[in-house]
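Single-structure report; data block below.
The values are calculated or read from the model by the stated rules, or taken from the named source; none is laboratory data. On a predicted model such as this, the values are computed, not experimentally measured, just so you know. With ideal geometry, Cβ positions are generated from the backbone for all residues, glycine too; neighbour counts draw on all protein chains shown. Side chains included, ligands, DNA and RNA excluded: accessible areas come from the protein's heavy atoms. Shrake-Rupley method; radii C 1.70, N 1.55, O 1.52, S 1.80 Å.
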Amino acid sequence: MADTDGEQDAHHYHLDRPQQPPLFPLKGCHSLDWGIKNRLSHIFDPRTGRTVMLAVDHGYFMGPTSGLERIDIHINPLLPYANTLMCTRGVLRSLIPPTFNKGVVLRASGGPSILKELSDERLAVDMEDALRLNVAAVAVQVFIGGEYETQSVHNMTRLVDAGNRYGMPVLGVTAVGKQLARDAKYMRLATRICAELGATYVKTYFVEKDFETVAAACPVPIVIAGGKKLPEREALTMAYQAVQQGAAGVDMGRNIFQSAAPIAMIQAVGKVVHENMPPQEAYEYYLALAQSAH
Ligand code: 5RP
């Protein structure tokens, strides 16, 4: 028998206050299940609804690209400043401390190297292994207009089905091949296809003209890849324009880890993304941090 002697009467029913649905800050995510939303909250800061994802998955097709030769030395010191790390399971298991307690977005497609036709990817991770690694999302490359377009879309839809079964968000990564145009019309097409076919959120590239139409037409959150290394002020300007025009953050790699001062750069990107710091101010912030580190 439960000991009920001296039990307090319950009377805090707040009959005048209807129960409100818990708020969730991300666009288009209201009808997702609790587990997916909880995982997304390890990617997007619930206070701002935005993210600084640190992308270091390039090795899965590029090998040890500049800045990623030694992830233990070059990348691990950046982890405290990222909301999320995007990497492969090989790097995660061999180099990332399991005490890293933010979200991990796991690269889940692969196959061809830079020496071959890149769009010929397959799924490269089982959902079971993603769950074992306790990741916050899985990422799959989608090559709209690429030679193996249908195969890559099918990779994504299979991952979405498995993700929905287990409560795992899927990041659809729109890949731009050499032959594909990088304009708003293409990005609208590619991001919308990913969202329509079930991606929980989508990564794309920033375009100078009409990026806001890409963000507006995509019913789920968009993050932008950084792309090739730019001078720091330009990279900060791109991040600023993207979030001001509707992106929910960045998934940035080379513009952080190839920077002259990566720890300063990731913090400046964080200011832009989470605090709407204008690019010139963020650049000065970067310079000051970079200088004090020397
Ligand atoms: C590689 C990727 C990268 O994660 C993505 O391109 C982000 O990195 P960067 O900012 O260096 O472009 O998806 O396919």
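Within the stretch 108-147, being open to solvent by 20 Å² or more (accessible area, probe 1.4 Å), among the charged types (D, E, K, R) and not in a loop (DSSP other than H, G, I, E, B) holds for R122, E128, R132. Taking first residues from the stretch 196-215 that are over 17 Å from F143 (Cα atoms) and among the small types (G, A, S) and partners that are within 16 Å of the ligand (Cβ to nearest atom) and outside any loop (DSSP other than H, G, I, E, B), the Cβ contacts under 8 Å between residues at least 6 apart in sequence or on separate chains come to A215/I222. Only residues that are within 16 Å of the ligand (Cβ to nearest atom) and open to solvent by 10 Å² or more (accessible area, probe 1.4 Å) were counted across the stretch 34-49, and they come to 0.
Look at the stretch 86-107: where a residue is among the aromatic types (F, W, Y) and a partner is open to solvent by less than 30 Å² (accessible area, probe 1.4 Å), sitting 6+ places away or on another chain with Cβ atoms under 8 Å, you get F100/L79; F100/L85.
Summed over the stretch 177-191, the residues that are part of a helix (DSSP H, G or I) and open to solvent by 30 Å² or more (accessible area, probe 1.4 Å) give a count of 3.
Within the stretch 243-252, identify whether any single residue is of a type in the set (D, E, K, R) and open to solvent by 20 Å² or more (accessible area, probe 1.4 Å), and answer yes or no.
First, the residues of the stretch 243-252 that are of a type in the set (D, E, K, R): 251.
Filter once more, so that each one left must be open to solvent by 20 Å² or more (accessible area, probe 1.4 Å): none.
No, the stretch 243-252 contains no residue that is of a type in the set (D, E, K, R) and open to solvent by 20 Å² or more (accessible area, probe 1.4 Å).
Selection over the stretch 100-129 of residues that are small (G, A, S) and under 16 Å from the mean Cα position of the chain (by Cα) gives a count of 3. Taking every residue in the stretch 153-172 that is buried (at least 23 other Cβ atoms within 10 Å of the Cβ) and pairing it with any residue that is among the aromatic types (F, W, Y), at least 6 positions away or on another chain, the pairs with Cβ-Cβ distances below 6 Å are L171/Y201.
Each row is one residue, and each column tells you yes or no for (1) more than 18 Å from the chain's Cα centre (by Cα); (2) more than 8 Å from the ligand (Cβ to nearest atom).
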position	(1), (2)
G227	no, no
P231	yes, yes
A248	no, yes
R254	no, no
S259	yes, yes
M265	no, yes
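Within the stretch 194-212, the residues that satisfy the criterion of being surrounded by fewer than 19 Cβ atoms within 10 Å (Cβ to Cβ) and either within 14 Å of the ligand (Cβ to nearest atom) or within 27 Å of L159 (Cα to Cα) (or both) are E196, L197, G198.
Residue count for the stretch 148-176, restricted to those that are away from the ligand (no atom under 16 Å from the Cβ), among the small types (G, A, S) and in a helix (DSSP H, G or I): 2. Report, by residue number, each residue of the stretch 202-231 that is out of contact with any Lys or Arg (no Cβ under 7 Å at 6 or more places or on another chain) and outside any strand (DSSP E or B). Residues satisfying the conditions are F206, E208, K209, D210, F211, E212, A215, A216, P219, G227, L230, P231.
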